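Working notes, structure below.
The values are calculated or read from the model by the stated rules, or taken from the named source; none is laboratory data. Only a predicted model underlies this, so the values are computations on that prediction, with no experimental measurement involved. Cβ placement follows ideal geometry from the backbone for every residue including glycine, while neighbour counts extend to all protein chains displayed.
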Amino acid sequence: MTAIAWCLTAGFGALVTLGVPFAIAIALVITAALIVADIEPAFLAQSIISGSQQFSLLAIPLFMLAGELMSAGGLSRRLVDFASTLVQHLRGGLAMVTVLAALVFSAISGSAPATTAAIGAIMIPAMVQAGYDKGFAASIAVSAGVLGPLIPPSIAFVIWGIVAEQSIGRLFLSGIVPGLLIAAGLLVICWGHAKRNDVPRLPRASAGQVARAFADGRWALASPLVVLGGIYGGIFTPTEAAAVSCLYAIIIGLFVERKLALRALPGIFVRAMRTSAIVCAIIAVSAGFGILVAQEQIAIRFATWMAQTIGEKWAALATLNIAFFLLAAVMDEIAIMVILGPMLIAIANRFGVDPIHFGAIIVTNVSIGMAAPPIGYCLFIGMAISGLSLARISRAIWPQILWMLVVLFLTTYVPSFALMFQPAGR
């Protein structure tokens, strides 16, 4: 490898191992590579500007803001109440409420951390009070949060769409079946846990209670219909849909539910900005990283090496999944997508993998990484809400992780799972 390639690979790995934040680590290795190659240092500034001036990037802070507004405006509480009336009488019904509420909230926020925080804050204490093990309660909230990147609209698919230059709308559709499969498996796990531990059932909600809960939650339930209907009805783009969801959340929170106060808005905006700034910083500085990787042909060389070494498409996909899962357990998922994106795309092209199918594989992997020990973002949110240690939640979450890996296997080797809802004539 050339000196530049060593800077970009070994140099970045060393900085991350030392605990340097990803955006700063990327900027440092780019700077080192520019010095080694005797390239004008202004290249870094130019690449950051070009990397941050993409219209689709606006969807990330807007969807994060929408999730914060929905949660603060009481819509997550409405979703929980409605889901509770449907399944609370079943064995494990209260845990199932967590999954169903997260399923709907995912279609509002597009974010795993936001979904875990909004639903977990309500459901973890409720499950513990109802007799569930606290570790399981936290683990099912964390697992349900994983639905955030899969159920459209999804921030992870927005990022991958930018990296891979693919249709974000079509990528959204590719996550529906994997997301629903994960949700179905989590419901079965909830039932099995409640049966093994003899968790008492709650009384069945009456038809009147269901109708009232539906009426109270109609605005929350309508939000995904407005956003997704607008996208696939051709009314607005995914980025515009994110802005519409924010406006919808503000109007409903202020004037309909009246649980969102004007004085709370600055704090909500700051929280959303803080989270999205981390994501956007990584994407912005990674533009220069990608240019240098392409210049050094690192991705093409690695893809060629894999093709010569492994040869079979199924084995290459299995190797990628294993490597991705191990990386996601110790590295930021967004950084993996952005930094390794060119290399992953080169491998997919080399083996003839459909780009939309490949996007579903990548984002399913990213979703699992959000809940995988030791550094999954959702794990830390579960720890903060429950007050439990990482080890306690990690022990409880492995059945869910194993099911997610089964779904990942099916998504990888049964392309129709990702391509089922793709428009005709694609």
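So A424 fits all but one of (1) crowded, with 16+ Cβ neighbours inside 10 Å; (2) modelled with pLDDT under 85; (3) not β-branched (V, I, T); what number is the exception?
Every condition holds for A424 apart from (1).
Within region 213-232, work out how many residues are in contact (Cβ under 8 Å) with a residue 40 or more places away in the chain and closer than 14 Å to T85 by Cα.
So the count comes out to 4.
Just checking, which of I334, I401 is of a type in the set (V, I, T), out of contact with any Asp or Glu (no Cβ under 8 Å at 6 or more places or on another chain) and crowded, with 22+ Cβ neighbours inside 10 Å?
Exactly one residue qualifies, and that residue is I334.
Can you give me the ranges of the helices (runs of 4 or more DSSP H) entirely in region 364-426 with at least 1 residues that are within 13 Å of A144 (Cβ to Cβ)?
377-386, 390-413
Filter region 20-79 down to the residues that are touching a residue at least 60 places away in the same chain (Cβ under 8 Å) and not in a helix (DSSP H, G or I), then identify the one that is farthest from A121 (Cα to Cα).
Of everything passing the filter in region 20-79, Q54 is farthest from A121 (Cα to Cα).
Which of the residues that make up region 149-198 are outside any helix (DSSP H, G or I) and surrounded by 22 or more Cβ atoms within 10 Å (Cβ to Cβ)?
Within region 149-198, P149, L150, I151, P152, P153, S154, G175 meet the criteria.
For region 164-187, state whether one or more residues are hydroxyl-bearing (S, T, Y), over 15 Å from I119 (Cβ atoms) and out of contact with any Leu (no Cβ under 8 Å at 6 or more places or on another chain).
Yes, some residue in region 164-187 is hydroxyl-bearing (S, T, Y), over 15 Å from I119 (Cβ atoms) and out of contact with any Leu (no Cβ under 8 Å at 6 or more places or on another chain).
Consider region 345-378. How many of its residues are hydrophobic (A, V, I, L, M, F, W, C) and surrounded by fewer than 24 Cβ atoms within 10 Å (Cβ to Cβ)?
So the answer is 7.
Is it the case, given these coordinates, that F63 is crowded, with 24+ Cβ neighbours inside 10 Å and aromatic (F, W, Y)?
For F63, the condition - crowded, with 24+ Cβ neighbours inside 10 Å and aromatic (F, W, Y) - is met.
Could you tell me which residue of region 199-211 is nearest to A348 (Cα to Cα), considering only residues that are part of a helix (DSSP H, G or I) and touching a residue at least 60 places away in the same chain (Cβ under 8 Å)?
V210
Evaluate the following for G145: is it surrounded by 24 or more Cβ atoms within 10 Å (Cβ to Cβ), at negative phi and either in contact with a Gly (Cβ under 6 Å, 6 or more places away or on another chain) or among the β-branched types (V, I, T) (or both)?
In short, no.
Kindly evaluate V363 against the criterion of being aliphatic (A, V, I, L, M), in contact with a Leu (Cβ under 7 Å, 6 or more places away or on another chain) and modelled with pLDDT of 85 or more.
It is true that V363 is aliphatic (A, V, I, L, M), in contact with a Leu (Cβ under 7 Å, 6 or more places away or on another chain) and modelled with pLDDT of 85 or more.
Take A287 and tell me if it is surrounded by 14 or more Cβ atoms within 10 Å (Cβ to Cβ) and either touching an Asp or Glu at 6+ places or on another chain (Cβ under 9 Å) or at pLDDT below 70 (or both).
no
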